[in-house]
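One structure is given below, encoded as structure tokens.
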Amino acid sequence: MTVAAPPVPTRRTRRLPGWAPYAILAASLAATAGILLALDALSIASFFFVGAIVYAVAITVTSTVVEGRRWANDRLATTLVTFAFLLAVIPLISLLWIVVGDGIKRFGPTFLTTDMVGIFGSMVEGGVAHAIVGTVYVTGIAGIISVPLGIFTAIYLVEYGGGPIKRGITLLVDVMTGIPSIVAGLFAYTAFLVLFGSAYKSALIGGIALAVLMTPYVIRSVEEMLKLVPNELREASYALGVPKWLTIVKVVLRTAVAGITSGIMIATARVIGETAPLLVTVGTIQAMNWNPVDGRIETLPVFVFRQYAQGGEAADRAWAGALTLLLIVMLLNLIGRLVSKFFSPQGGR
């Protein structure tokens, strides 16, 4: 019995081995380094930019010759997407590297538990305890105002709203999303100026200013999450005789709780670093102020701004304050993920 010989691979069926893209990448970078050195134009930016172009051309040409045009287009698209991702990640990595590298010099328990009373100019001592308290107050007040307002508004837009009222609210939300932060600060300051005079500053005013900025983001994110809940779940609940309000609470919100929590955390991270409205509304102070409704109060963004403007040792405190603010945002995101995990239907299984 004669055994048929296996088919000879054609150009359309042949594939590059798994190590080929890495070898082509290494050769492309080596060729790029040689060319730039010859032209006396070698730098980190030019090396990676020109190297990416050389690699894209090399992998596409090689794949076209070996695998065919279809696989070559696929590899070209993969290369472009990968380099686009790296291009987006590089600024984030650079930011983290700078903040952590410069902030870790002064960051520590003493820095987190002391304030700036008796500290002037470039003195080595001083900390951000008073600024952490002020940031918690201001952000907490903003969250207390904007989160319920945003969730209820989104529920109305998705579950109840219609006609010109819904279109008007949607238009206002879109307009509020683009409001400059200083305008929100001036709005809150003017509102309390009429009631208490120009000398009144407190965390309450700053919280209201941040709530103006935070609310449209909460509304938009919650609205999109509620729209993703399948209508079949609502209809099944109605078929069992469950009233609409209870369906929203037990079915719709429970299903969308992960996305809602993520949206709230993003909105919080959006406003927690605002500086301009807080300069107008809460001012600055060197000592701790435990009263959120009376007296100036320090916040981390204002602290970083003031210290960096002074230079010297104060600039080191600014970087440490920026690292503290970054860690607070990371902590909020961690809390949001835990809430999503334990309260969403998927996490309950």
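The values are calculated or read from the model by the stated rules, or taken from the named source; none is laboratory data. A quick note: this is a predicted structure, and the numbers were derived from the prediction, not measured. All Cβ positions, glycine included, derive from the backbone under ideal geometry; neighbour counts span all protein chains shown. With ligands, DNA and RNA removed, areas are computed over all heavy atoms of the protein, side chains included. Shrake-Rupley method; radii C 1.70, N 1.55, O 1.52, S 1.80 Å.
Tabulated data
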| quantity | calculated |
| --- | --- |
| Extent along principal axes [Cα atoms of segment 225-349; Å; largest to smallest] | 67, 30, 23 |
| Gained length - LEU228 relative to ILE182, 0.36 nm times residue gap less alpha-carbon distance | 13.2 nm |
| Percentage relative contact order, the chain, counting C-alpha pairs under 8 Å, at least six apart | 21 percent |
| Rg/Rh ratio calculated on Cα atoms of segment 145-279 (Kirkwood radius) | 1.07 |
| Calculated over segment 151-213: convex hull of Cα atoms, volume per residue (Å³) | 97 Å³ |
| Contour excess over end-to-end distance, with Cα ends at THR78 and VAL293 and 0.36 nm allotted per residue | 71.9 nm |
| Sequence of TRP245, TRP97, TRP319 when ordered by accessible area, the most exposed leading, probe 1.4 angstrom | TRP97, TRP245, TRP319 |
| Efficiency of FRET from Cβ geometry, ALA26 and VAL65, R₀ 30 Å, rounded to 0.05 | 0.95 |
| The chain - accessible surface per residue (Å², probe 1.4 Å) | 56 Å² |
| Pairs of alpha carbons in segment 19-105 whose separation is greater than 15 Å (percent) | 66 percent |
| Within segment 46-69: backbone nitrogen closer than 14 Å to the ARG15 label point (7 Å, Cα to C-beta) | 67-68 |
| Between 0 and 90°, nearest 10: helix 313-343 axis offset from the chain longest Cα axis | 80 degrees |
| Alpha-carbon gyration tensor eigenvalues x 5, square-rooted, for the chain, Å | 48, 36, 18 |
| Pairs of lysines in the chain (C-alpha under 23 Å apart; 8 or more residues apart or interchain) | 6 |
| Of all accessible heavy-atom area on segment 113-343, the percent that carbon and sulfur account for (1.4 Å) | 72 percent |
| Inverse mean reciprocal Cα-Cα distance (Kirkwood Rh) of segment 127-169, Å | 12.5 Å |
| 0 to 90° range, to nearest 10: angle between helix 181-196 axis and the chain longest Cα axis | 10 degrees |
| C-alpha long axis of helix 300-310 to longest principal axis of the chain, angle in ° | 90 degrees |
| Ellipsoid semi-axes in whole angstrom, largest first, where each is sqrt(5λ) of the Cα gyration tensor of segment 13-170 | 49, 34, 13 |
